[in-house]
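Notes to accompany the following structure.
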Amino acid sequence: MNKKRFLMIMLAALMVFVLAMTGCGKQSEGAEQADASAETEAETSDETEEGSVIDYMVLVNQNSPLPDGWEDALELTTITNSVGDEVQTESTAYKAYCALKEAVEKDLEGYEKGEVRLELDSAYRSVAAQQKIVDDFTEKYGEDYVKKYVAVPGYSEHHTGLALDLYFTIDGKDVYENEDLVQYPDIWEAIHARLPEFGFILRFPEDGEAITGYAYEPWHIRYLDSPEIAKEITDKGITLEEYIEKSE
């Protein structure tokens, strides 16, 4: 291989690496490039070299821990959000999120309080990361709040990479804290209306605490990889637990 050709190949590889580090959720002057690269980086198979396959209908809750070997089968996409935090998401779920983000932002064009941009707060979390959240939220909000809103490490749906916590920006200003997010029911209504179309459900709906074990969280969505199932769950107003129980 001649020197000129070698340099061209190395340059192309560098460009691919740079694009792979840019996500659809990151807002910048290169937003169009980020959206274009999102499809490329998210187009990864849910099957590993060993043949393991992600079960998108997996149930992880207060009574059901993360299945053994799950992380070995997990393909993750990494992005940086508007506040500079690194977020990892199961790659097929991330691709669906990008499509959801585009649709929601189009629906909210002309929003009276400014331009709305959807962002990822968190998705995949290791057990250690979940323990840190428990510790931080206990200090900030108290034990009663943590019992309602935060999963026990090892029993968090976020370990799957299929659970996404959302936030948004309005005219470039981050609306990030939970107590601030709940002040925008009109934005959440627009987001929730689009979820089934892209294979997502609202994981902890209103009036579902007795079944899910968690209070209403408008920001917490779950990817199922099936718009049909997501629509059925949403239309019937049931939880994932109820759907799985009726399907068994």
Discussion item. Can you compute the radius of gyration and Dmax for region 199-248, using only the Cα atoms, both in Å?
Written reply: 10.1, 29
Worksheet item: How far apart, in nm, are two points set 7 Å out from the Cα along the Cα-to-Cβ line at Lys147 and at Lys113?
Response: 3.2 nm
Response to the item:
With R₀ set to 30 angstrom, the calculated FRET efficiency between the beta-carbons of Glu232 and Asp85, to the nearest 0.05, is 0.35
Worksheet item: So how much slack lies between Tyr216 and Glu105, counting 0.36 nm per residue of separation and subtracting their Cα-Cα distance, in nm?
Response: 37.6 nm
Worksheet entry | Share of pairwise Cα separations in region 122-248, more than 25 Å, in percent | 25 percent
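The numbers here are math on the coordinates, done by the rules we state, and not lab data. Only a predicted model underlies this, so the values are computations on that prediction, with no experimental measurement involved. Don't worry about glycine lacking a Cβ; one is built from the backbone with ideal geometry, like all the others, and counts go over all protein chains shown.
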